[in-house]
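Colleague: Before I ask anything, here is the structure I am working with.
The values are calculated or read from the model by the stated rules, or taken from the named source; none is laboratory data. Here the structure is a predicted model, which means the values were calculated and not measured. Reconstructed Cβ throughout: ideal geometry from the backbone, glycine too, with neighbour counts over all protein chains shown. These area figures cover heavy atoms from the full protein model, side chains too; ligands, DNA and RNA do not enter into them. Shrake-Rupley method; radii C 1.70, N 1.55, O 1.52, S 1.80 Å.
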Amino acid sequence: MSTKTYQNLIGGEWVAPRSGKTFRNVNPADHRDVVGEFPASQAEDVALAVAAARKAFATWRLVPAPKRAEILYRTGQLLAERKEQYAQQMTREMGKVLAETRGDVQEAIDEAYYVAGEGRRLFGQTTPSELANKFAMSVRMPVGVIGMIAPWNFPMAIPSWKLFPALVAGNTCVIKPAEDTPLSTYNLVQTLMDAGLPPGVVNIVSGFGPEAGAPLVEHPDVRAISFTGSSAVGAMVAQRAAATFKPVSLEMGGKNAMIVMEDANLELALEGALWGAFGTTGQRCTATSRILLHRSIAAEFTEKLVARAAALKVGNGLHPGVEVGPQVNEQQIATSAEYVAIALAEGAKLLTGGKALTEGDYAHGTFFAPTIFGAVRPEMRIAREEVFGPVVALLEFDTLEEAFAIANSIEYGLSTSLYSRDVNRAFAAIRDLEAGITYINAPTIGAEVHLPFGGVKKTGNGHREGLGALDFYTTWKSVYVDFSDRLQRAQIDNAE
Ligand code: NAD
């Protein structure tokens, strides 16, 4: 079968990149399976896409918000019809098991319905004026052309978190999908167009970060950048965007702690740990990558967790019964292997896994065995740095305060979790854990679209997706209407 070649979407037209260069998108479970050829775009392609978005902004911003929202609602309906097809294609391009890629498409459906409701809200404020016969209010205005840069681990959900609120607010967009997962962004944007989105309102330039992402960040007509990815790249994006004073929303890495107290339902905690650490092959920003165990239950918990992790079925995410798919590419395998070596050198104890799987059914993919390290101390790199693979570190503690101190001792602050039956401990965790998200009696993963999503410290720069995204995609305008029919000076200009 010949490989399909995809093009950029610019002004409603599918166009080849100016350079003619493309790159291959391959199935991480079997590299012989080529998903497609995609444009390796460069600055000139980005410039064309930004010009198209700028042109479309002139009319899109004037479409009533409830009408814009109806397109999003229809998009949600179409995504629901296409869920299985898009989930299959997503598993093929990035590896996670089918149940999870169905969930990824579902997240986009949920986001569509949630944001569609905002079309009839987009609330501003009315407030009294300090002068008589004068009316004061604030209204939300669109920002303009938004540049969006996405990661590969939630290839439809994350673009939907960015595109839908930006669109309902009247912005136009240029999105650069991750190089490992462009197809899912194409599927999402094709659905928007099938739902009635006018040409040029969303444009796609696929390609690599330095060639296609950086020019988007630097382009003077792009008014804001929404970035999700690693903290290292996020820092570069923020620095480059500063030159043109662009607001930047950064959603970045995590090293998420689950704390298990001695009064926890241990069976529930075990189930949560397994899912939190090895769901999406550990490649979630919210993955449970540190498990802090109360010393009195640590031995029993560790033994059971190791047995269950070793029994997980690793394989092609399209095959029934598979629980853990491949890592997305060779680079991610190399990172997991590198951290195994670092942890061993630091004195951590390898309890299961620890190596790439390369034999038999695994020979043509990028698979890594679910890996657990015991005897981890808080100062070790394996306890502090993001691996972004199926690698989890177990630490022990004696008191709740000590657990909080360990959990908070790192640079990241995305998600945290506490397993305990004690309501006082639960509320202390909600108050004292330094993170954007805290779960009680659930693992560190499982966010819902209508709550704020994001983190503190090295994880984010204060913005939120979900509830709060509209604050990034709109700018406030204050409006004063004077109906006194005379010049009224403001109070500051009237002072005696
Ligand atoms: P990454 O930082 O390598 O890449 C993210 C995106 O940035 C890609 O589209 C890439 O092409 C682009 N990029 C790379 N260099 C660039 C440059 N110089 N200029 C502009 N763009 C550039 O991250 P990744 O490997 O795709 O994703 C994994 C990371 O994303 C992890 O750290 C994970 O924690 C994080 N993540 C965070 C969230 C969140 O919401 N907090 C969600 C998912 C993933």
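Colleague: Nearest 0.05, what FRET efficiency do Met193 and Ser2 give at R0 = 35 Å with Cβ-Cβ as r?
Modeller: On the way: r = 25 Å, r/R0 = 0.71.
E(calc), rounded to 0.05, equals 0.90.
Colleague: Among Lys246/Lys458; Lys162/Lys349; Lys4/Lys313; Lys83/Lys162; Lys255/Lys304; Lys176/Lys355, which pairs are too far apart, with a Cα-Cα distance over 29 Å?
Modeller: Numbers: Lys246/Lys458 20 Å; Lys162/Lys349 41 Å; Lys4/Lys313 32 Å; Lys83/Lys162 19 Å; Lys255/Lys304 23 Å; Lys176/Lys355 33 Å.
Distance filter (> 29 Å) returns Lys162/Lys349; Lys4/Lys313; Lys176/Lys355.
Colleague: Suppose R0 equals 45 Å; then what is the FRET efficiency for Glu411 and Ser129 from their Cβ-Cβ distance, rounded to the nearest 0.05?
Modeller: E(calc), rounded to 0.05, equals 0.45.
Colleague: Just the number, please: percent antiparallel of the DSSP beta bridges in the range 256-440, rounded to the nearest 5.
Modeller: Around 20 percent antiparallel, to the nearest 5.
Colleague: Another one. Before rounding to the nearest 500, sum -39500 (n - 2.57) across all DSSP H runs of length at least 4 in the chain and divide by the residue total; then give [θ] at 222 nm in deg cm²/dmol. Could the numbers behind the result be given before it?
Modeller: Numbers: 13 runs with 181 residues, N = 496.
Taken over the chain, the calculation gives -12000 deg cm²/dmol.
Colleague: Given the peptides 147-157, 395-405, arrange them by the average over their residues of other C-beta atoms within 10 Å, most packed first.
Modeller: Packing order, densest peptide first, comes out as 147-157, 395-405.
Colleague: Now a separate question. Keeping all protein chains in position, work out how much accessible area Glu338 exposes to a 1.4 Å probe, and write it in Å² to the nearest 10.
Modeller: Surface accessible to solvent at Glu338 totals approximately 100 Å².
Colleague: Another one. If I model a spin label as a point 7 Å beyond the Cα along the Cα-Cβ vector, how far apart are those points for Arg120 and Glu401 in nm?
Modeller: 5.3
Colleague: Here is a further query. Take the solvent-accessible surface of the protein heavy atoms, probe 1.4 Å, and return the percent of it on the chain that carbon and sulfur atoms account for.
Modeller: Summing carbon and sulfur atoms, their accessible area is 53 percent of the total for the chain.
Colleague: As an exercise, use a Förster radius of 41 Å and the Cβ-Cβ distance of Val34 and Ala242 to find the FRET efficiency, rounded to the nearest 0.05.
Modeller: Values: r = 39 Å, r/R0 = 0.95.
Here the calculated transfer efficiency is 0.55.
Colleague: Lys and Arg at +1, Asp and Glu at -1: add these up for the other residues within a Cβ distance under 12 Å of Asp194 and post the number.
Modeller: Numbers: positive: Arg74, Arg82; negative: Glu81.
Net local charge, Asp194 excluded: +1.
Colleague: Identify the chymotrypsin sites (Phe, Trp or Tyr not before Pro) of the range 221-317 meeting these criteria: DSSP loop state and at most 14 other C-beta atoms within 10 Å of the C-beta.
Modeller: Passing both the DSSP loop test and the Cβ count: Phe245.
Colleague: For Glu346 paired with Gln491, estimate the spin-label separation in nm (one decimal), with each label point 7 Å from Cα along the Cα-to-Cβ line.
Modeller: In this crude label model, Glu346 to Gln491 measures out at 5.6 nm.
Colleague: What does the accessible area of Arg377 come to, in Å² to the nearest 10, when a probe of 1.4 Å is used?
Modeller: Approximately 120 Å² for this residue.
Colleague: Label the chain by shape, choosing from rounded, prolate and oblate, from the square roots a ≥ b ≥ c of the eigenvalues of the Cα gyration tensor; if a/c is under 1.5 it is rounded, and otherwise prolate applies when a/b is larger than b/c, oblate when it is not.
Modeller: Oblate is the answer for the chain, as a/c is 1.5 or above yet b/c matches or exceeds a/b.
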